[in-house]
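Participant: Have a look at this one before I ask anything.
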Amino acid sequence: AQTVTQSQPEMSVQEAETVTLSCTYDTSESDYYLFWYKQPPSRQMILVIRQEAYKQQNATENRFSVNFQKAAKSFSLKISDSQLGDAAMYFCAYRSPSYGNKLVFGAGTILRVKS
Amino acid sequence: GAVVSQHPSWVICKSGTSVKIECRSLDFQATTMFWYRQFPKQSLMLMATSNEGSKATYEQGVEKDKFLINHASLTLSTLTVTSAHPEDSSFYICSAQLIPGAHLGGTYNEQFFGPGTRLTVL
């Protein structure tokens with residue numbers, strides 16, 4: 001079964017600093033996608049970044065980038081120049097066509113941004 | 001584009017009554033929608049996969065007779081919590097899967113989330 005593990009229940013970062021959120025996953029599939037979602041206090045799920053497993057290049061979206069280590073099954077999120085609006089719960093998620101495209105979420109990491 | 005709505009955004013009901021939650025894709029068609037349940041400060045737990053024109057597929061441990069799902073059209077799925085009890089109180093979230101090559105393009109069946117519905121059962 002596919003599992004996603006986020007080992008950091010909470011993280012803090014100073015405004016303008018950089019923070020990295022960790023995620024590991026377990027799968028025997030070769031075709032899959034990995035995601036980071038942000039859930040602010042409004043609880044609306046927002047897609048931050050996505051990575052296709054077949055792509056070696058790490059995905060980036062403005063201040064957000066990932067470190068995708070396929071062999072190690074690791075998928076960390078780096079937030080640069082942290083802003084107060086980045087404070088939220090962050091979920092790592094996995095999806096595979098062979099698993100019906102169902103999203104498997106990690107437990108989440110609460111990110112606090114200090115001013 | 002790619003907006004998913006849920007109605008109601010919050011609902012309070014008495015124990016024993018039934019509550020219907022709607023999930024609509026406003027500007028795209030979705031053959032598949034997903035229903036999640038989220039307790040405070042916890043992750044999203046997939047309850048079921050809703051397929052247009054066919055029966056929903058429920059995850060292990062989810063009571064089919066308690067959580068009725070109907071995907072009547074390509075833009076609407078409903079979740080009905082029957083005979084609700086206080087332990088059913090939770091935040092329910094739906095997501096709609098974009099059809100590849102449809103209105104908004106995309107090739108990997110991107111999913112878009114609704115804003116969620118907070119259910120409180122007294």
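Participant: For region B:43-55, enumerate the residues that are assigned to a loop (DSSP other than H, G, I, E, B) and at pLDDT 95 or above.
Facilitator: First, the residues of region B:43-55 that are assigned to a loop (DSSP other than H, G, I, E, B): B:43, B:52-55.
Passing the criteria: only B:Ser43.
Participant: Which residue, of A:Ser12, A:Ser76, is exposed (fewer than 15 other Cβ atoms within 10 Å of the Cβ), part of a strand (DSSP E or B) and touching a residue at least 40 places away in the same chain (Cβ under 8 Å)? If you could, list the steps in order and put the result at the bottom.
Facilitator: Numbers: A:Ser76 fails: exposed (fewer than 15 other Cβ atoms within 10 Å of the Cβ).
Criteria check complete, one pass: A:Ser12.
Participant: May I ask you to list the residues in region B:1-41 that are in contact with a strand residue (DSSP E or B) (Cβ under 7 Å, 6 or more places away or on another chain), modelled with pLDDT of 95 or more and outside any strand (DSSP E or B)?
Facilitator: If the condition is that a residue be in contact with a strand residue (DSSP E or B) (Cβ under 7 Å, 6 or more places away or on another chain), modelled with pLDDT of 95 or more and outside any strand (DSSP E or B), then B:Pro8, B:Ser9, B:Ser15, B:Ser18 are the ones that fit.
Participant: Considering only region B:60-74, I want to know if a residue exists there that is farther than 20 Å from A:Val104 by Cβ, of a type in the set (A, V, I, L, M, F, W, C) and over 14 Å from the mean Cα position of the chain (by Cα). Steps first, answer last, please.
Facilitator: We begin by selecting, within region B:60-74, every residue farther than 20 Å from A:Val104 by Cβ; these are B:63-66, B:68, B:70-74.
Now restrict to residues that are of a type in the set (A, V, I, L, M, F, W, C): B:68, B:72, B:74.
Narrowing the set further to residues that are over 14 Å from the mean Cα position of the chain (by Cα) leaves none.
No, the conditions are met nowhere in region B:60-74.
Participant: Check region B:80-87 and report whether any residue there is surrounded by 20 or more Cβ atoms within 10 Å (Cβ to Cβ) and away from chain A (no Cβ under 11 Å).
Facilitator: Yes - at least one qualifying residue is present in region B:80-87.
Participant: Right, something else. Sort out which residues of region A:10-23 are within 13 Å of the chain's Cα centre (by Cα) and farther than 26 Å from B:Val4 by Cβ, and write them in order of number.
Facilitator: Applying the first criterion (within 13 Å of the chain's Cα centre (by Cα)) to region A:10-23 yields A:19-23.
If the condition is that a residue be within 13 Å of the chain's Cα centre (by Cα) and farther than 26 Å from B:Val4 by Cβ, then A:Val19, A:Thr20, A:Ser22 are the ones that fit.
Participant: Next up: I'd like to verify a number: residues in region A:24-60 that are away from every other protein chain (no Cβ under 14 Å) and either open to solvent by 80 Å² or more (accessible area, probe 1.4 Å) or under 10 Å from the mean Cα position of the chain (by Cα) (or both), how many?
Facilitator: Result for region A:24-60: 6.
The values are calculated or read from the model by the stated rules, or taken from the named source; none is laboratory data. Note that this is a predicted model, so its numbers are computed, not measured. Positions of Cβ are generated from backbone atoms using ideal geometry, with glycine treated the same way; all protein chains shown enter the neighbour counts. Just the protein is used for accessible areas: all its heavy atoms, side chains included, with ligands, DNA and RNA removed. Shrake-Rupley method; radii C 1.70, N 1.55, O 1.52, S 1.80 Å.
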